[in-house]
1. Quick one: HIS417, HIS423, fewest Cβ neighbours within 10 Å first, how do they rank?
2. If I take R0 = 22 Å and measure r between the Cβ atoms of LYS392 and HIS446 in this structure, what FRET efficiency does the formula 1/(1 + (r/R0)^6) give, to the nearest 0.05?
3. How far apart, in nanometres, would the label points at GLN376 and GLU454 be if each is projected 7 angstrom from Cα along the Cα-to-Cβ direction?
4. Using the per-residue mean of other Cβ atoms lying within 10 Å as a proxy for protection, in what order, highest first, do the peptides 256-264, 93-101 fall?
5. Cross-link list LYS225/LYS351; LYS183/LYS341; LYS64/LYS363; LYS312/LYS351: which exceed 22 angstrom alpha carbon to alpha carbon?
6. Quick one: length gained pulling SER247 to ALA358 fully straight, 0.36 nm per residue minus the C-alpha distance?
7. About its Cα centre, what dipole magnitude does the chain give when the only charges are +1 on Lys and Arg Cβ and -1 on Asp and Glu Cβ, stated in debye to the nearest 20?
8. Just rank LEU214, LEU87, LEU243, LEU362, fewest to most, by other beta-carbon atoms within 10 angstrom.
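Bear in mind that the values in this text are calculations on the coordinates, not laboratory data. It should be emphasised that the depicted structure is a prediction, and the values quoted were computed from it without experimental measurement. Heads up, the Cβs are rebuilt from the backbone with ideal geometry, glycines too, and the neighbour counts pull from every protein chain shown.
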Amino acid sequence: MIKTDVIIIGGGATGCGIARDLALRGIPHCLIEKGDLAAGATGACHGLLHSGGRYAVSDPVAAKECYDENRILRRIGEKCVERTGGLFVRLPGDSKMFRERFLRGCDDIGIPTEILSSTRALELVPNLNPALEEAIVVPDCSIDPFRLCLLNMKTSQIKGGLSFTRHRVVEIVRSHGRCIGVKAADVYTGEIKEIHANILVNASGAWTDRVARLAGCEVPLTLSKGSLVITNHRLTDMVINRLRPASDGDIIVPNEAVCLAGTTSLLVEDPDRIGIEPAEVDTIIGEAGRMIPHFNSTRIIRAFSGVRPLLKSQKLDSREISRGFQIIDHQNGLYSIVGGKLTTFRLMAEKMVDTIMAAFNLKRDCETAERPLDGQEELSGYPLNKRLADMKNIVCECELVTRGDVERIIEQTGTRHVGDISHRTRLGMGPCQGGFCTFRALGIMHDMDILTAEQSVQSLREFLERRFRGIRYALWGDQLREEQLVEYIYLGILALGKHS
Ligand SMILES: Cc1cc2nc3c(=O)[nH]c(=O)nc-3n(C[C@H](O)[C@H](O)[C@H](O)COP(=O)(O)OP(=O)(O)OC[C@H]3O[C@@H](n4cnc5c(N)ncnc54)[C@H](O)[C@@H]3O)c2cc1C
């Protein structure tokens, strides 16, 4: 049995942020995640480091939190934040009254804005709809959620924190009505680890209610699914928002060589059973195409979706539910933390750890806003073309990942999953969606004696199946042709269908 002070359930941005904060305040902890880090909403999000502009009219408290955190993250996380800047574009027919409320809201909160003529906006982003009326500049940024989680966990690791990924919490151990630990099952072997602690933090996002129920508690949530599509080109160097009340498909975020457009908002019951409706893909492309007409003719490489864990509300439109967060003390040693945004994860972690410090009757101030994220020196910066120097032995041409990168991740993590390498290097995330690099990465694992031949085939099949779940919604035009090529490579040349 393992003993620690705090157990964190969930390795999304919130859980990883809590681990970093605990590490910096000297509190022993153990994080448990059923998938890889960022496996939930964190890895399925738009990657927008909000300026707060999106919420300036509807939710000023969340908007202020976003703006403050945006400034902090730009400072402490320069290798996972790209300072793109953002534009709110007003198209013909978009309400002028909303524009006034937007500017007033930003002003009240302190979010800096600059009004641009359509000519100036087109100079900054030539792909914009030339019919736009005007644009307003805000300090939106693009953020890499995978890097963000890994860098937060780096501090935990340096300070001796424990973490178990691919371990599912299946039981909360109780004694005399108090939660004293968890049982976590290794998702491959089924082996159970029992870990005990004084405090348990439930940071399991859309699964918060399910985890709380293991301790006989409840956390009523509204689960809102959002879908996104990815283009194979970076159509804009700035984040583009539509200047209107939040609606489907009104944000486009550049991320390295691609763009993410979305999102939608549909209520769901079960976070493990979410799919993408073809109508969602059509809506997103149609709306994004109104802001950037090229969007309609650009290749869409895949679609994906995630679930927002929002505080329960009677509001029918989940977009109207506050993006604020809440810490729930279940009065039995278990705390749940819900709501918020990726942008506000650090603040959420700070408040959670303040609560834990008070429960332990300890005093040590939070340092996460001042100290740069650990481990950034090992990363390249933005944009992508800076990484072209010193590239040898490229395994993934779309994302410029080298054999050395893959070997380093395997050595560091001992992983047997191509997905884990993707999250750490972006291998397989470009236009061919793993068509050319997956078998190369598995070959490297085989060379390094991590996988047997049979295990490589199994791992390859699982990876391709998972990718295809997203790709199938984008099968037309060039992407369909690319997918057919990939299919021929795997079924024809590598005879994958013959290995069962
Ligand atoms: C489509 C979409 C777009 C979004 N875009 C943005 C954006 O651009 N900017 C922004 O700021 N916010 C955005 N958000 C919101 C943001 O993604 C979330 O608020 C944030 O990522 C939540 O992080 P989290 O760590 O609380 O939850 P999650 O990231 O969901 O993490 C919870 C983790 O708990 C794990 N878990 C669950 N049950 C167990 C168990 N039994 N045992 C072990 N582990 C378990 C899950 O696997 C998961 O990894 C978006 C959300 C969605 C859905």
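1. Going from least to most buried by this count: HIS417, HIS423.
2. So the FRET efficiency works out to roughly 0.55.
3. 4.7 nm
4. On the way: 256-264: 23.6, 93-101: 13.0.
Ranking the peptides 256-264, 93-101 by packing returns 256-264, 93-101.
5. Beyond 22 Å: LYS225/LYS351; LYS183/LYS341; LYS64/LYS363.
6. The SER247-ALA358 span can extend by a further 35.9 nm.
7. 460 debye
8. Least to most surrounded, the residues fall as LEU362, LEU214, LEU243, LEU87.
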